[in-house]
């Protein structure tokens, strides 16, 4: 949105949302009403009080301008599933549940002849438990993701304090000697 404001020719901007309808309701004319999140397949989007909304309001403080500049649409879990299956069976691509919400919006309103972008946030292989039952197989894991998944996981309890974080960083970081360069006065 900011890039469009400085002149890049960006057309419509649509927010694809899951069953959490706070933004779709607002952009359809209702008051902004945060609410408890609803659990969905697109779990990273399970937000009932979107924190980025305040940034949008700061950028376009008049509600009529904000509503004119952006759109938001909701996609339920059954539609997310159907979109994943449709695109995989057509050989287009595999989509994670989050990307499937955006693809559904594009499917509903094709942009013939216009350039378009769907912003995907996760590789579908990370959602094997969703895609495997729908497709009958899991999408292949790319080598870089596989290497990351094979790394051992580690966690260490840490008190919620600046002192505890500082102590952990000092203990965990390699020691790098500081070099002071001599300066000569001319």
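Key figures
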| read-out | value |
| --- | --- |
| Near pairs, Cβ below 6 angstrom, 6+ apart or cross-chain, from segment 70-82 (at negative phi and without any contact (Cβ under 8 Å) to a residue 40 or more places away in the chain) to any residue that is crowded, with 17+ Cβ neighbours inside 10 Å and in a helix (DSSP H, G or I) | 79/104 |
| Residues (surrounded by 12 or more Cβ atoms within 10 Å (Cβ to Cβ) and either at positive phi or within 15 Å of the chain's Cα centre (by Cα) (or both)) located in segment 28-47 | 40, 41, 42, 43, 44, 45, 46, 47 |
| Given (1) at pLDDT below 95; (2) touching a helix residue (DSSP H, G or I) at 6+ places or on another chain (Cβ under 8 Å), number of the condition residue 19 does not satisfy | (1) |
| Subset of segment 1-27 [surrounded by 11 or more Cβ atoms within 10 Å (Cβ to Cβ) and part of a loop (DSSP other than H, G, I, E, B)] | 1, 10, 12, 13, 18, 19, 20, 21 |
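The values are calculated or read from the model by the stated rules, or taken from the named source; none is laboratory data. Computed from a predicted model, the values in this text were never measured in an experiment. As a convention, Cβ positions derive from the backbone with ideal geometry for all residues, glycine included, and neighbour counts pool all protein chains shown.
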